[in-house]
1. What are the residues in the range 50-83 that are basic (Lys, Arg) and not in a strand (DSSP E or B), if any?
2. Filter the range 62-86 down to residues that are among the acidic types (Asp, Glu) and surrounded by 10 or more Cβ atoms within 10 Å (Cβ to Cβ) and give me whichever is modelled with the lowest pLDDT.
3. Among the residues in the range 4-23, are any in contact with a helix residue (DSSP H, G or I) (Cβ under 7 Å, 6 or more places away or on another chain) and surrounded by 11 or more Cβ atoms within 10 Å (Cβ to Cβ)?
4. Output the number of residues of the range 42-61 satisfying the condition of being open to solvent by less than 100 Å² (accessible area, probe 1.4 Å), closer than 18 Å to residue 74 by Cβ and within 16 Å of the chain's Cα centre (by Cα).
Amino acid sequence: MTKIPGPPSFEGLKRRIATHRAEGTPRKNDRFVRQTYCLNLLEARAKAREWFDEYPKAAYWTEVESWRQLEGDQIEFTMRRLPSAD
């Protein structure tokens, strides 16, 4: 019988992410404005709504770029938008 391999190790991916974050240099052609927040769930929803109200998605390509739930009721998230609507 053929042995089924186990799940892959994520150590290589973890190292690449850590290296990328340590460099701290923005992408050269990336013109998006980003802001990262760490708020409780209700405040996070309100802050995201503020962004969508102030910078409409159709004009600014506004979106929640990434988010994760931390201990307790804390949400860390990054909002992204274009600097201006043409």
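1. 57
2. Residues of the range 62-86 that are among the acidic types (Asp, Glu), as a first pass: 63, 65, 71, 73, 76, 86.
Next cut, surrounded by 10 or more Cβ atoms within 10 Å (Cβ to Cβ) only: 63, 65, 73, 76.
On the way: 63: 96, 65: 95, 73: 91, 76: 96.
The extreme case among them is 73.
3. Taking the range 4-23 and keeping what is in contact with a helix residue (DSSP H, G or I) (Cβ under 7 Å, 6 or more places away or on another chain), we get none.
No: zero hits.
4. So the count comes out to 3.
Residues are listed down the side, and each one gets a yes or a no for (1) without any contact (Cβ under 8 Å) to a residue 24 or more places away in the chain; (2) part of a helix (DSSP H, G or I); (3) of a type outside the set (Ser, Thr, Tyr):
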{"site": "4", "(1), (2), (3)": "yes, no, yes"}
{"site": "7", "(1), (2), (3)": "yes, no, yes"}
{"site": "31", "(1), (2), (3)": "no, no, yes"}
{"site": "36", "(1), (2), (3)": "no, no, no"}
{"site": "39", "(1), (2), (3)": "no, no, yes"}
{"site": "47", "(1), (2), (3)": "no, yes, yes"}
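The values are calculated or read from the model by the stated rules, or taken from the named source; none is laboratory data. On a predicted model such as this, the values are computed, not experimentally measured, just so you know. Using ideal geometry, Cβ is built from the backbone for each residue, glycine included, and neighbour counts are taken over all protein chains shown. For accessibility, only protein heavy atoms count, side chains too; no ligands or nucleic acids. Shrake-Rupley method; radii C 1.70, N 1.55, O 1.52, S 1.80 Å.
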